[in-house]
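Quick notes on the structure that follows.
The values are calculated or read from the model by the stated rules, or taken from the named source; none is laboratory data. Predicted model, so just to flag it, every value in this text is computed and none were measured. Every residue, glycine as well, gets a Cβ built from its backbone with ideal geometry; the counts of neighbours run over all protein chains shown. Side chains included, ligands, DNA and RNA excluded: accessible areas come from the protein's heavy atoms. Shrake-Rupley method; radii C 1.70, N 1.55, O 1.52, S 1.80 Å.
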Amino acid sequence: SDLVITNKNDLTPIEEYNGVYFKRDDLFMPFEDMPISGGKVRQMISLVEDRLVEIKDHYNNTVISGVSVDSPQAVIISTVAKKYGLDCILVFGNKSIEKLKEKRPMVENAINNATRVELCNVGYQNVLDSKVRSLCEQEKPYFQIKFGINLDDNEDAIVNSVANQVENIPEDIDYIIVPCGSAIMFSGILKGIEKFNKKAKVIGIQISGINMYSTVHKILGKDIDSKHSFIVDNTYKYHKKLKCKISEGFYLDPIYESKAWDYANKFIFNDERFKGSKFLFWVVGNSLPVREKVY
């Protein structure tokens, strides 16, 4: 598709390939000079717009985040921050910035848009978060970006920005398949199903083998309806990349979507129980462009 969506409130299109429908949220690409895309970008823009005055006045015009080298979150955070005139501190787990950038265009893209980079010896999330806390205590308050913790004060930006995208899901779709990492998108989509009264059942596929169902429960404030399901797949380690092409020019993200798509092909599409069902695969975003080239 040549259609690129730049307004965060516009609905991204639904396209059909080989009998499966795709929610092309990867076509939300608001910035011409950095091809970050999808629901996480929308969440970050919504969050920054909601809290912009506060970040400028009370958080020293600075956002901070502890980020993984394999996650597109770093480049999303630093790019959006820069666009809104905010300083950005990224905290990575590594010994040196040179080592950090090595063979990682995505990290280089993130660092190029950041104001400052801080390092920890290891990249475990709890270590990164601890470093973020200590920087905020020792220096001055900075606004921490971590969608899991931003949930409490910014549900509209983090959850409802996703839920609203359910509006154009066709009425005759039986199942929506959603790749899950932190499971925030999955939760937002479930909220959207309720909001727009869609009949589709949602199948979340956790791509890293880590059960994040507690996040879903927290966001919804209840268990998911029994018609929906949350599958924890242990086939692939989170850091393993999988290349997957749907059609000419339409590739899936190698960390998230490709694994959920692989699972669906192996265990869902050919299952007798789903015979005759209409499926929609939710493409949350695609980090391939920023992984492969430095902008």
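Per-structure values
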{"item": "Segment 61-165: C-alpha pair distances exceeding 18 Å, %", "result": "48 percent"}
{"item": "Amide H within-cut-off set for residue 207, under 5 Å, with H built and near neighbours excluded", "result": "180"}
{"item": "Inter-site label distance for residue 235 and residue 9 at 7 Å from Cα along Cβ, in nm", "result": "4.0 nm"}
{"item": "Pair residue 98, residue 118: separation of 7 Å Cα→Cβ label points (nm)", "result": "2.4 nm"}
{"item": "Length released on extending from residue 213 to residue 226, taking residue separation times 0.36 nm less the Cα-Cα span", "result": "3.3 nm"}
{"item": "Gyration tensor verdict on segment 204-294 (Cα atoms; rounded if a/c is under 1.5, prolate if a/b is larger than b/c, oblate otherwise)", "result": "oblate"}
{"item": "Phi-based couplings in Hz for segment 241-247 (Karplus 6.51, -1.76, 1.60; Gly and Pro marked x)", "result": "9, 10, 8, 8, 10, 8, 7"}
{"item": "Cleavage-rule hits (GluC sites (Glu not before Pro)) in segment 104-147: DSSP loop, at most 13 neighbouring Cβ within 10 angstrom", "result": "139"}
{"item": "Accessible surface of the chain [probe 1.4 Å, protein heavy atoms]: carbon and sulfur percent", "result": "47 percent"}
{"item": "The chain, helix-only ellipticity at 222 nm - DSSP H runs n ≥ 4, -39,500 (n - 2.57), divided by all residues, nearest 500", "result": "-10000 deg cm²/dmol"}
{"item": "Integer Hz, Karplus 6.51/-1.76/1.60 couplings in order for segment 87-98, x for Gly and Pro", "result": "7, 9, 10, 9, 10, 10, x, 5, 7, 8, 5, 4"}
{"item": "Segment 1-160, accessible area per residue, ligands and nucleic acids excluded (1.4 Å, Å²)", "result": "45 Å²"}
{"item": "About the Cα centre, charge dipole magnitude for segment 55-122 (Lys/Arg +1, Asp/Glu -1 at Cβ), debye", "result": "120 debye"}
{"item": "Placed amide H near residue 230: partners under 5 Å, 5+ positions off or other chain", "result": "204"}
{"item": "Residue range of the chain that is longest and free of trypsin sites (Lys or Arg not before Pro) which are both DSSP loop and sparsely packed (at most 11 other C-beta within 10 Å)", "result": "104-198"}
